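A short reminder: the numbers here are calculations on the coordinates, not readings from a lab. The structure displayed is predicted, hence computed values, not measured ones. Reconstructed Cβ throughout: ideal geometry from the backbone, glycine too, with neighbour counts over all protein chains shown.
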């Protein structure tokens, strides 16, 4: 199995480096809270934060990454005030440790998409069932997913491939992204011939311009129940943003960005 992410080989060193960067004084300038957010939100959440700041005058910083890695950083004392996970179990784990104000609430349900860059043999049909033949004749040599060990979208991708009996065929061609956004970039850049990525990232104009995608049947994997929670040190601004995420404005942005919002569950 090919793993292009050096974080997979040296997770401890990278976590320490990220932790150190986040602790730099600029992160605390003007008491601006830092939100830890799953990387599938990197397109949609920017729009929500922009609207929040425009309407309230309050600023936020967002640190994107795989939910599992962000959870570990919080466990190690990372300077976050709110956690937006792509897997609610990570929130429950922190709640069980007493690090959160409660067990949070679901803000969205995620969807998987099969993405193929321009010129890929996968692009014409975007059919996962074709993968074994395309792998066998060499037209697909590399295929990206997020690392299932700590990225919820990678875990869901593995579940889908297993359910379709494709995992054994594709395993040796897999390239693991450290997060869903990195797996997306692998495919969008043409470094791989395809990827299973978040629907929310497939809708990003910068990504959709570089390839095509098709939604994957949601019954092929466990639901991607995305949950947010305030941490014990949450400031008034973080609490306001937590409430703002439950407004019609924020939910409409998420809904238009590829997520199923709680009201539609």
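Observations, loosely collected:
- Helical contribution to [θ] at 222 nm, DSSP H n ≥ 4, -39,500 (n - 2.57), averaged over the chain, rounded to 500: -10500 deg cm²/dmol
- Cα coordinate range in the chain, projected on the principal axes (Å, largest first): 57, 39, 30
- For the chain, the longest principal axis of the C-alpha atoms and the axis of helix 152-163 are separated by about 30°.
- Fraction of alpha-carbon pairs over 16 Å apart in the range 104-160 - percent: 53 percent
- Sorting 172-185, 106-119, 144-157, 208-221 by average packing, meaning the other beta carbons within 10 Å per residue, from highest down gives 144-157, 172-185, 106-119, 208-221.
- FRET efficiency, residue 214 to residue 55 (Cβ-Cβ, R0 35 Å, nearest 0.05): 0.45
- With N the number of residues in the range 210-265, Rg(Cα) / (2.2 N^0.38 Å) evaluates to 1.46.
- FRET efficiency for residue 125 and residue 89, using Cβ-Cβ distance with R0 set to 30 Å, rounded to 0.05: 0.30
- Cα Rg, Dmax (largest Cα-Cα span) when computed across the range 76-172, Å: 17.8, 54
- Projected label distance in nm at residue 97 and residue 118, using a 7 Å step from Cα toward the beta-carbon: 4.5 nm
- Computed from Cα positions, the angle between helix 11-22 and the longest principal axis of the chain comes to roughly 40 degrees.
- Averaging 1/r over each pair of different alpha-carbon atoms in the range 111-220 and inverting the result gives 13.2 Å, the Kirkwood hydrodynamic radius.
- The range 42-100, Cα convex hull volume normalised per residue, Å³: 88 Å³
- Peptide ranges 120-129, 67-76 listed from the most packed, as the mean C-beta count within 10 angstrom indicates: 67-76, 120-129
- Within the range 39-55, backbone nitrogen closer than 14 Å to the virtual label 7 Å beyond the Cα of residue 256 toward Cβ: 44-52
- Relative packing of 55-63, 193-201, which averages over residues the other C-beta atoms within 10 Å, highest first: 193-201, 55-63
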